[in-house]
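First comes the structure, then the notes that go with it.
The values are calculated or read from the model by the stated rules, or taken from the named source; none is laboratory data. All values derive from a computational prediction rather than experimental measurement. Please note: Cβ atoms are built from the backbone with ideal geometry, for glycine as well, and neighbour counts cover all protein chains shown.
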Amino acid sequence: MSHIKRITRVLIGLLVAVPLASCWVPDKYGSEIRITKAGGYGISFSGELTWAPLFGQIARGEIATEAAAEQSAGFLATLKADTHFQHVASLGKGRYQVRYDRRGTIDRTQMISFVRRNARIFQIRAQEDGKVSFFGTGAGSSQADQLDAMGLKTDGLLRIVTDAPVLSHNAMSVRPAPMPGYVMYDWKMTSFRQKAPKLTLQLDGPLATTGPGA
């Protein structure tokens with residue numbers, strides 16, 4: 001069996017076998033999202049990502065060492081395949097040390113997801129009228145008991161920096177950024193039971209083109 005086929009078999013088996021919804025759990029991280037009123041954006045993340053289903057199987061002794069190693073290698077390969085990850089290293093037990101950097105211009109109706117659209121920690125969604133919404137969509141209160149029982153934790157600082165008018169948000173801290181005209185919106189994330197971060201801002205004008213989501 002080829003290496004690619006073996007990884008595919010392992011990943012499919014993992015996704016089917018575990019009852020916990022598929023999710024990446026961030027820990028020991030710093031993440032900054034920068035959005036200009038002209039539509040430019042940057043996303044950075046540095047910290048740990050844990051694939052919760054695999055971590056749970058290992059913690060409960062439900063998977064053999066060899067199978068766990070195969071699945072861990074499969075997720076490592078998946079992360080490395082995304083060129084926005086500048087660094088990815090396995091820490092064992094489904095945990096990975098990563099550094100992510102992505103930059104671009106927001107297009108009309110574009111949806112930008114981190115880590116992936118089907119296993120996201122947060123998402124940026126644009127509308128034709130120039131409104132851009134940020135949603136934290138990682139593991140939430142519905143899975144908190146399961147994640148706590150596994151011994152998983154989340155601890156990090158999420159920051160949005162923008163010079164665009166902000167229409168609504170639930171940030172824990174708001175203050176001027178070092179760059180004149182920009183404001184920083186911070187969330188200190190320490191529990192799976194916290195409310196998901198959210199923010200909506202207005203760009204200078206309607207967005208003219210349609211770009212692919214990720």
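For Phe114, state whether it is touching a Pro at 6+ places or on another chain (Cβ under 8 Å), within 25 Å of Lys195 (Cα to Cα) and not β-branched (Val, Ile, Thr). Taking the combined requirement at face value, the residue does not satisfy it.
Within region 91-116, being in contact with a strand residue (DSSP E or B) (Cβ under 7 Å, 6 or more places away or on another chain), closer than 30 Å to Ala69 by Cβ and either of a type in the set (D, E, K, R) or in contact (Cβ under 8 Å) with a residue 60 or more places away in the chain (or both) holds for Arg95, Arg99, Asp101, Arg102, Ser113, Phe114, Val115. Within region 139-184, being among the acidic types (Asp, Glu) and surrounded by 12 or more Cβ atoms within 10 Å (Cβ to Cβ) holds for Asp148, Asp155, Asp163. Whenever a residue of region 130-141 is aromatic (Phe, Trp, Tyr), its partners that are modelled with pLDDT of 90 or more, lying with C-beta atoms within less than 6 angstrom and at least six residues away or across chains, give the pairs Phe134/Ile124; Phe134/Leu199; Phe135/Gln123; Phe135/Lys198. If you filter region 85-118 down to residues that are more than 12 Å from the chain's Cα centre (by Cα), surrounded by fewer than 18 Cβ atoms within 10 Å (Cβ to Cβ) and assigned to a loop (DSSP other than H, G, I, E, B), you find that the one that is modelled with the highest pLDDT is Lys93. Filtering region 128-147 to residues that are within 19 Å of the chain's Cα centre (by Cα) and at pLDDT 85 or above leaves Val132, Ser133, Phe134, Phe135, Gly136, Ala144, Leu147. Within region 63-79, is even one residue part of a helix (DSSP H, G or I), within 15 Å of the chain's Cα centre (by Cα), within 23 Å of Leu152 (Cβ to Cβ) and not hydrophobic (A, V, I, L, M, F, W, C)? Yes: region 63-79 contains one or more residues that are part of a helix (DSSP H, G or I), within 15 Å of the chain's Cα centre (by Cα), within 23 Å of Leu152 (Cβ to Cβ) and not hydrophobic (A, V, I, L, M, F, W, C). Give Gln146, Gln194 a once-over and let me know the one that is assigned to a helix (DSSP H, G or I) and farther than 18 Å from Gly42 by Cβ. Among Gln146, Gln194, only Gln146 is assigned to a helix (DSSP H, G or I) and farther than 18 Å from Gly42 by Cβ.
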